1. Which one, B:E302, B:E114, B:E246, has the greatest fluctuation when you compute a Gaussian network model over chain B with C-alpha springs under 10 angstrom?
2. Evaluate the relative contact order of region B:5-372 (contact order divided by residue number), counting alpha-carbon pairs under 8 angstrom at least 6 apart; express in whole percent.
3. When Rg is the radius of gyration of the Cα atoms in chain A and Rh is its Kirkwood radius, what does Rg/Rh come to?
4. Where Lys and Arg each count +1 and Asp and Glu each count -1, what net charge lies around A:E239 among other residues with Cβ under 15 Å from its Cβ?
5. Would region B:5-372 count as rounded, prolate or oblate if I go by the C-alpha gyration tensor, calling it rounded below 1.5 in a/c and otherwise prolate when a/b exceeds b/c, oblate otherwise?
6. How large is log10 I(q)/I(0) at q = 0.08, 0.12, 0.17, 0.21 Å⁻¹ when the Debye formula is applied to the Cα atoms of region A:343-482, each weighted equally and without solvent?
7. Give the average, rounded to an integer, of partner chain Cβ atoms located within 10 angstrom of each Cβ in A:447-455.
8. If each DSSP helix of 4+ residues adds -39,500 (n - 2.57) and the sum is divided by the residues in chain B, what number results at 222 nm, nearest 500 deg cm²/dmol?
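Read-outs: derived from the displayed coordinates by stated rules, not from any lab. Fair warning: this is a prediction, and the values are worked out from it, not measured in the lab. Positions of Cβ are backbone-derived with ideal geometry, glycine not excepted, and every protein chain shown enters the neighbour counts.
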Amino acid sequence: MTAILETTPDLREGVDRETIETVQAMAGKYKYGWETEIETEYAPKGLSEDIVRLISQKNGEPEWLLNWRLAAYQRWLKMEEPRWAMLNYPEIDYQDQYYYAKPKSMAQKPKSLDEVDPKLLATYAKLGIPLKEQMLLAGVEGEAEPRKVAVDAVFDSVSVGTTFKAELAKAGVIFCSISEAVREHPELVKQYLGSVVPPTDNFFATLNSAVFSDGSFVYVPPGVRCPMELSTYFRINAENTGQFERTLIVCDEGAYVSYLEGCTAPKRDTHQLHAAVVEIVILKDAEVKYSTVQNWYPGDENGKGGIFNFVTKRADCRGDRAKVMWTQVETGSAITWKYPSCILRGDDAQGEFYSIAIANNAQQADTGTKMVHLGKRTKSRIVSKGISAGRAQNTYRGLVSMHPKAKDSRNYTQCDSLLIGDKCGAHTVPYIEVRNNSSRVEHEATTSKVDDDQLFYCRSRGMDEEEAVALVVNGFCKEVLQALPMEFAMEAQSLVAISLEGSVG
Amino acid sequence: MALPKAKEDALQARLAGLPALSGKGWLAAARGEALARLDAMGLPVRRDEYWRYTDPASLNAPEAPVAHRFDASDEAPPFDGMDRLKVVFVDGVFDPKASDDLTLAGVTIERLAEAGSKDIHWAQGTYGILEARGQTPVARPFAALNTAHATDGVLIHVTARAAKPVSLIYVHQSETSDAILHHCVKLDPGAELTLLENGPAAARFSKVLEVEVADGARFHHIRLQGRDHERRAVTHVFARLGTRSEMRSFTLTANGRLTRNEAVVELTGTEGRAHLAGAAVGDGEFHHDDTVFITHAAEACESRQVFKKVLMNGATGVFQGKILVKPGAQKTDGYQISQSLLLDEDSQFLAKPELEIYADDVKCSHGSTSGAIDETALFYLQSRGLPRRTAQALLVLAFLAEAIQEIADEDIAEDIRARLERWLARHGTKG
């Protein structure tokens, strides 16, 4: 039997009403809200079998993949959009979107980064994502041994370039856009695509299977420790365009890779749809770290505009001792619907999920994880920190399932919610299914508000109100921030502060 | 939205087995409204969010599945020797001979059937009213079905401190009895009542208890569901609490094929207090489901949910608990713990402990754990000379203690502890 792990945070009385005043406009504070003026080629608006065929043709895909897409599309037509999440958003008109948009300059696939449209390169430079090799991400300058990060940059529907490909190839690592992988490594794609998230999985994953335009592909061969961090940077630029990217990561026996994902979009008055799928296959003794900083445009303070983010992410720990770690910092999007999952199939497999979800103004987030324990002695750990401010709603939704055969397994879950202001909501919806007795499952959750004594202390040290809140919130998120790779940790910390700007009176 | 066919069909099949509604008076009107609610929601199916862990089939079935009588005379009946007013129901029908005279200082007790035909009655403001309030946001079709088709029950109006506890005793005789009981309790400001319930009731038992606790009133509720019985039961408690009022409810369940206990409590006045606790022990074919929904709609209220389950030989325990803190319900103190002790490989625990919070100055927490008995503790006790079985029983009782502690009356708590000890001595894991 396990001890009661429930804890109640130190909550102190005496609320200073002023400190938790309603949220001010955050509009104008989204750093990445600008747009790149670039000629864009669109597929006709709306979704039909022809559009699916067109996307497939644009990517120069083989017959099997086209059929795979078409089967998904047929299936999708019969599916109903899920509405069980605690999200309130208007009906999405799937015909009022572009499903394919690419910069005209990408009509001829550039052979190397040097040939890429300077406008695109400038876009990524402005975002702080250097597409030139040897350059470094912010925060690590001055290190004796410069850390390299390979980047696959996805702009609307296409990948504009991937850095360090040659160097990675030397180690045997394949890192390229998924459209390229379909052409260059069809056997790998065919073997693994849809094997973790089948095309029939759920409404949004099925939609993605039909219309995904690009994304990243990673293969790390047996025993290889990927020599650098890999990253994909997603940018939505075109108006009324949905982004449907698909990421497939295969980490072979004993291999290791750390993967980072970042996303931004311009400020627009209309909502934009983003429905991605990430599949990760982890074989025996392999390990994958997947970190996300999601900073899609969240809409203005009244909920106008912003990205609708419906993402299916799943890692399948197929081999014994396979390990996966999801870390996510969710600060953007008007709507977030995302549950990165771990299938712990191999014996002694491990899954970890660290999450910070911040919802401010009119944002709504329904996010969490699924830990499915199938193998013996599998372990999982969930640390979720939800922060709500303004009129935002933030929900943690998670599943921990111990199958009868998952003997001697272990789960520990901690969900903490922090409320800033009295107009927002914080919710916890965990599902706990324990079907054997040798496994131990512990879940605890707390909800509290920003501690006034801590704020007061920071203020007495000369910090202004916003700095103080940022510091306290960063402290609240500490366990998750520590799980991030260094490059991201820096970005995430400042992002936490920016996302909460204006949330105190 | 049109009702899914499966829910509609289940409802029509169930209603076909029940008499058509008739009669006049306030009760007939309340029944009609309940039927309209039920028509809109249908009966539950496995796909429903709040039925994913419990199969409603045997509750939906037009006929009650057979349940044999169980002779529990090897121990004294619960609350034996207590000074109490006994109200006895046999297979869901009031038995005036076995019951005490229904007069009690500070309390008026009437049978539903008799009071229902009157033109005006206080229960009009309670019967079906709290049930209807409890239908959102989560539909509870069996409660609406109960309101529409309850065949008996008592209406208890408490105007002062009740002279002694009211004890509802449910006797089971017929192997196919299908009982639907509906009780209402209304406590006036400052009034106080202890309500005791025990017995298996019927082969299939549906019960709704609606409780209105006015400002400053106190309601104590202790229930022992028939031991080692094969019954199927779906019970609901709907309670609305006023300012500085208090409700304490404890339920002991020792076996039973299927038991779904729902509690829906609404704290509507400041500084109200609701404590709900349950201890369930199950051996073999046992499915026990606690579904609790507590709404904090006023400032500075306190709620506690303490639910413990001990499961063996393939028993299943379910806990679905929710704390909803409405906007403005500042200074809420909400606590919820659900724990299961799985004594063997075959048993399972399925839990969904939820928080939904719309106020920031609150203290809410929940914890849920599940696991086997602590081998180290067991070893320690054995090393002290305790037989393994005794050591295990001791640890199980210690595990259940937090729930039993919620009972204010020490004598009752002690009696329940002793009953659990005897039960554990009779039941054990294989091998």
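1. Of B:E302, B:E114, B:E246, the most mobile in the Gaussian network model is B:E114.
2. Details: 1060 pairs, mean separation 42.1, N = 368.
Normalised by residue count, the contact order of region B:5-372 is 11 percent.
3. On the way: Rg = 22.0 Å, Rh = 23.1 Å.
Ratio of gyration radius to Kirkwood radius: 0.95.
4. On the way: positive: A:K45, A:K102, A:R235, A:K267, A:R268, A:K304; negative: A:E35, A:E37, A:E39, A:E41, A:D93, A:D96, A:D156, A:D269.
Net charge in that neighbourhood comes out at -2.
5. On the way: a/c = 1.21, a/b = 1.02, b/c = 1.19.
Taking the square roots of the gyration eigenvalues as a ≥ b ≥ c, region B:5-372 is rounded.
6. Here log10 of I(q) over I(0) equals -0.27, -0.54, -0.87, -1.12.
7. Numbers: counts 14, 7, 6, 1, 0, 1, 0, 0, 0.
Shielding by partners across A:447-455 averages 3.
8. On the way: 9 runs with 94 residues, N = 431.
Using -39500 (n - 2.57) per qualifying helix, the result is -6500 deg cm²/dmol.
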